[in-house]
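Enquirer: Here you go, one structure.
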Amino acid sequence: MEFKVGVIGCGAISGNHIHGIHQAENARLAAVCDIDETKLQKAAAEQQAAGYSDYHDLLARQDIDTVHICVPHYLHAQISIDALKSGKHVLCEKPMGMTLADAQAMKRAADESGKTLTVCFQNRYNGASLRMKELIDGGSLGRVIGGSAFVCWDRDEAYYASCPWRGSWKTEGGSVLINQAIHTLDLMRWLAGGFELRHSTMTAKRLADAIETEDTCDMLLENSAGGRFVFYCTNCASVNENIYLHLILEKGEMHMDGARLTLITESGASLEDYSTGKGVGKDYWGDGHDHFIVDFYRRLGEGLPPFVTAEDALETMRVMDAAYHGHAPARHR
C-alpha cells in the first residue's frame, strides 16, 4: 500500500520530514500546509505538491492517509487531535504536546480513532543509541544502575527573536528542556527502562532578559532498580557541544559522546564510531529522521505498531511535565 502524505508546517524541520518521506518506498508526499504564504508557495513548488494555508482543508482530503505535524509546540496537540479524528495517521514532531494533559488528549484521540500516533524521537535510531539498546536488552552487562547526561548548547537572543513563539510559556511551553534537550531525556529514559523525577531546578541565567522560560535545567531521576541519574541541559554554552550520555551497568559502562560510543567491560575499553555525515539540516540533528520515517511507513504498511508508540512518548512527557510543573520559574500561562 502506498500512503499519501501531508506535511503541516513548512519551517526548517519540515525539510528533514520531506527528505525522509522521499526515502520511504511506500509513501508519497501529496500536500503541504503553512500559514506563511512565502514558505507555502516555495514548498509546494519544490515538491510539486498541493498547497494549503488552512490545515483543515488538507485534512478534508479523503485521499490523504498520514500527516506530519511540523508546527510550533502550542499547535501540536490540537492539530494532531483534529488529524486523528479526520481519519489520518499522525507523525508529530517533538514534543508530544506542551503539557501532560495535551499528550493524554492526543493518545485518547488515537485510541478512539484507531489510527496510529507516533512522536519523532529520531535520536533513538542513531547508531550509538541502537547499539546501547542492543547491549542493554542482551543482558550481558546486567541492569542499568545509574548515569548522567549533558546537553550544553548555545542559543542567543537573536534565535528567540527570529520566532516569537519561542521563549514563551504559552507557545513554546518552556525552552531548553522541551525544545533542545527533550531528545536526550527521552533517550536516557528509554535506555534506563524508565524513571521518575526526584528533583529539578530551572533557571534563566544568560537569557533572562530575552525569554520568560528557562535556559538551564538540571534533574535528579531514579529508575525502578533504584539507580540514580543526573540530567543537565543549558542554552548558555559558548558552542553547541556534543551530547554526552553516560550509563553505568552492573558489569560495565557506556559513554556516548556525540556519535562515538566507548564501552567499558571486564575485557577492557573499546571505541565505536557511528558518524555518518549524512544528516539533513543542522549537523546535530543527525540522520535519524530518515530512519525514523522510513521505518514508520514500513511498520504502518505491515500493520505493526510504531517504534515510538504514543504510550512510550507519553512517559517521556510525564517526566518532563513533572519537571516543569514542580519547579518551573513563575509561569505566564
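Every number here is computed from the coordinates shown, using simple stated rules; none is lab data. Values in this document were obtained by computation on a predicted structure and should not be read as measured data. Note that we place each Cβ from the backbone using ideal geometry, even for glycine, and neighbour counts take in every protein chain shown.
Enquirer: For region 1-71 and region 106-172, what is the separation of their Cα centres, given in Å?
Expert: 23 Å
Enquirer: Please arrange Leu100, Leu300 by how many other C-beta atoms lie within 10 Å of their C-beta, fewest to most.
Expert: Lowest count first: Leu100, Leu300.
Enquirer: Long-range amide H contacts for Tyr52: which residues qualify at under 5 Å (H placed 1.01 Å from N, peptide plane, sequence gap of 5 or more or a different chain)?
Expert: The answer is Val32, Cys33, Asp34.
Enquirer: Can you pick out the pairs among Lys107/Lys133; Lys94/Lys115; Lys94/Lys170; Lys85/Lys107; Lys39/Lys115 whose Cα atoms lie more than 21 Å from each other?
Expert: In this structure, Lys107/Lys133; Lys39/Lys115 lie more than 21 Å apart at Cα.
Enquirer: I've got another one for you. Report the rotationally averaged projected area of region 3-120 based on its alpha-carbon convex hull, in square nanometres.
Expert: With every direction weighted equally, the projected area is 6.3 nm².
Enquirer: Would you work out which of Tyr55, Ala12, Ala83 lies farthest towards the positive end of the dipole of region 3-120? Charges go on Cβ: Lys and Arg +1, Asp and Glu -1.
Expert: The listed residue farthest towards the positive side: Ala83.
Enquirer: With labels modelled as points extended 7 Å from the Cα through the Cβ direction, what inter-label distance (nm, one decimal) is found for Thr262 paired with Ala225?
Expert: Taking the two extended label points, one gets 2.1 nm.
Enquirer: Here's another thing I want to ask about it. Could you give the size of the charge dipole of the chain about its Cα centre, using +1 on the Cβ of each K and R and -1 on the Cβ of each D and E, expressed in debye and rounded to the nearest 20?
Expert: Computed about the Cα centre, the dipole is about 360 debye.
Enquirer: Set the Förster distance to 22 Å, then compute FRET efficiency between His22 and Leu304 from the Cβ-Cβ distance, nearest 0.05.
Expert: 0.50
Enquirer: Report the extension gain between Trp165 and Tyr274 in nm, rounded to one decimal, defined as 0.36 nm multiplied by the number of residues separating them, less their alpha carbon distance.
Expert: 35.8 nm
Enquirer: Hey, what angle do you get for helix 37-47 against the long axis of the chain, alpha-carbon based, 0 to 90 degrees rounded to 10?
Expert: Orientation of helix 37-47: about 90 degrees from the principal axis.
Enquirer: Just want the answer: with Cβ charges of +1 for Lys and Arg and -1 for Asp and Glu, which residue in Ile182, Ile264, Gly252 is farthest toward the dipole's positive end in region 160-291?
Expert: Of the options given, the answer is Ile182.
Enquirer: When the Karplus curve 6.51 cos²θ - 1.76 cosθ + 1.60 is applied with θ = phi - 60°, which whole-Hz ³J(HN,Hα) does each residue of region 52-63 get, with x for Gly and Pro?
Expert: Once θ is set to phi - 60°, the couplings for region 52-63 become 9, 8, 10, 5, 4, 5, 5, 5, 6, 6, 6, 8 Hz.
Enquirer: To test your reading of the geometry: what angle, between 0 and 90 degrees and rounded to tens, separates the Cα axis of helix 14-23 from the longest principal axis of the chain?
Expert: So the inclination is approximately 80 degrees.
Enquirer: With angles folded into 0 to 90 degrees, how steeply does helix 182-192 sit against the dominant principal axis of the chain? Use alpha carbons for both and round to 10.
Expert: 50 degrees
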